[in-house]
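Taking it in order: structure first as structure tokens, then the write-up.
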Amino acid sequence: IDAVFDAPFSFYTLDILRVFPKARLIMTHRDPEVWYERRNAFCHENIRGKCSPFLLRPLGIDIQESLTKEQVVGGFEATEHVLECVVGPDRFLRVDAWSPPPPPDDGDWLATLARFLNVPLP
């Protein structure tokens, strides 16, 4: 396996890391408040019945119905920190995929990604 991403894999990150303990993790960060609003709208309006099984597994409860916005946002933020600790800084890269890339003088994000993955620049 070269890579997995997004749901449902993101719900099983710790399980995947147990099976592949040397795996590198690229965490796509976004503003937690924006994430909450978009995720909540997506699950409620589009696939409410399909979202629940994945959301039930980590906590044993339906987080959309049982937790407050503050609790869900706090869990989102805590997850990022826990995964960074579990994986370690040498195998963890955080990228903000929802912001424009930095200007060239601030560093080349593509070069950073290539170095992290130990692959040549495309």
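Each reported figure results from applying straightforward, stated rules to the coordinates on display, with no laboratory input. Note that this is a predicted model, so its numbers are computed, not measured. Cβ coordinates were reconstructed from backbone atoms using ideal geometry, including for glycine residues, and neighbour counts include every protein chain displayed.
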Residue list for region 13-30, given a label point 7 angstrom along the Cα-to-Cβ vector of ASN118 and an amide N cut-off under 19 Å: 17-27
Once the Cβ-Cβ distance between LEU67 and ALA23 is put in as r, and R0 is 35 Å, what FRET efficiency do you end up with, to the nearest 0.05? 0.75
